[in-house]
Ligand SMILES: [Zn+2]
């Protein structure tokens, strides 16, 4: 269950529209996803537990450079995600983190499940550095750096990332 806090009315409406879109994708997954992850995501958006706080962070403090961030069962959601029309993709990315996902998991499912017009963004240079630091592994998926193929631990292809940005 998501507890939505601190959003101005107009933005709250955008959050609800994005949640509707995410729920629809979870009901009919557009790409392979590990069963446990799918169950976790459905539980967060459905049943009373776990309770996850989705808090509006505006453009201050933790939101100066980011679209959103999460820690434990709390998502801080930033103004920048609304300004750049990335609400559904960023929200889905943060939900993957809540479901134990590392950066690789969040980037993989964001880009496998959402298009760029819907706000998904391929991994940045910084994201690639994080993947390397994590030995190209996530909680749910792994990445072959040379082919850029992301597979889950049942060896199903999730997606192939575009070439790593040079700068
Ligand atoms: Zn992330």
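From (1) under 19 Å from residue 112 (Cβ atoms); (2) surrounded by fewer than 18 Cβ atoms within 10 Å (Cβ to Cβ); (3) at pLDDT 95 or above; (4) touching a strand residue (DSSP E or B) at 6+ places or on another chain (Cβ under 8 Å), pick out the condition that doesn't hold for residue 31.
Every condition holds for residue 31 apart from (3).
Among (1) more than 12 Å from the ligand (Cβ to nearest atom); (2) over 23 Å from residue 157 (Cα atoms); (3) crowded, with 17+ Cβ neighbours inside 10 Å, which single condition is residue 72 missing?
Only one criterion is unmet by residue 72, namely (3).
What residue, among those in region 131-166 that are at pLDDT below 95 and touching a helix residue (DSSP H, G or I) at 6+ places or on another chain (Cβ under 7 Å), is surrounded by the most Cβ atoms within 10 Å (Cβ to Cβ)?
Looking at residues that are at pLDDT below 95 and touching a helix residue (DSSP H, G or I) at 6+ places or on another chain (Cβ under 7 Å), I get 164.
Can you name the condition, by its number, that residue 89 falls short on among (1) touching a strand residue (DSSP E or B) at 6+ places or on another chain (Cβ under 8 Å); (2) within 15 Å of the ligand (Cβ to nearest atom); (3) modelled with pLDDT of 95 or more?
The failed condition is (1).
Only residues that are in a helix (DSSP H, G or I), surrounded by fewer than 17 Cβ atoms within 10 Å (Cβ to Cβ) and in contact (Cβ under 8 Å) with a residue 12 or more places away in the chain: list them for region 105-128, please. Please lay out each step first, then the result.
At the first step, the residues of region 105-128 found to be in a helix (DSSP H, G or I) are 105-113, 125-128.
Within this subset, residues satisfying the condition of being surrounded by fewer than 17 Cβ atoms within 10 Å (Cβ to Cβ) are 125-126.
Once the filter is applied, which keeps residues that are in a helix (DSSP H, G or I), surrounded by fewer than 17 Cβ atoms within 10 Å (Cβ to Cβ) and in contact (Cβ under 8 Å) with a residue 12 or more places away in the chain, region 105-128 yields only 125.
Could you check residue 77 against (1) closer than 17 Å to residue 4 by Cα; (2) surrounded by fewer than 22 Cβ atoms within 10 Å (Cβ to Cβ); (3) more than 12 Å from the ligand (Cβ to nearest atom); (4) in contact (Cβ under 8 Å) with a residue 12 or more places away in the chain and say which number it fails?
Condition not satisfied by residue 77: (2).
Residues in region 85-104 that are within 18 Å of residue 15 (Cβ to Cβ) and surrounded by 14 or more Cβ atoms within 10 Å (Cβ to Cβ): how many? Let's see the steps before the verdict.
Residues of region 85-104 that are within 18 Å of residue 15 (Cβ to Cβ), as a first pass: 85-98.
Okay, now just the ones that are also surrounded by 14 or more Cβ atoms within 10 Å (Cβ to Cβ), so 86-98.
Residues in region 85-104 being within 18 Å of residue 15 (Cβ to Cβ) and surrounded by 14 or more Cβ atoms within 10 Å (Cβ to Cβ): 13 in total.
Would you tally the residues in region 26-58 being within 20 Å of residue 154 (Cβ to Cβ) and either in contact with a helix residue (DSSP H, G or I) (Cβ under 9 Å, 6 or more places away or on another chain) or in a helix (DSSP H, G or I) (or both)?
Result for region 26-58: 14.
Going through 94, 107, 118 one at a time, which residue ends up being closer than 24 Å to residue 55 by Cβ, modelled with pLDDT under 95 and either within 14 Å of the ligand (Cβ to nearest atom) or within 14 Å of the chain's Cα centre (by Cα) (or both)?
118
Across region 45-69, what is the number of residues that are within 16 Å of the ligand (Cβ to nearest atom) and crowded, with 16+ Cβ neighbours inside 10 Å?
So the count comes out to 7.
The values are calculated or read from the model by the stated rules, or taken from the named source; none is laboratory data. Remember, predicted model here, so these are calculated numbers, not experimental data. FYI the Cβ positions are ideal-geometry reconstructions off the backbone, even for glycines, and counts take in every protein chain you see.
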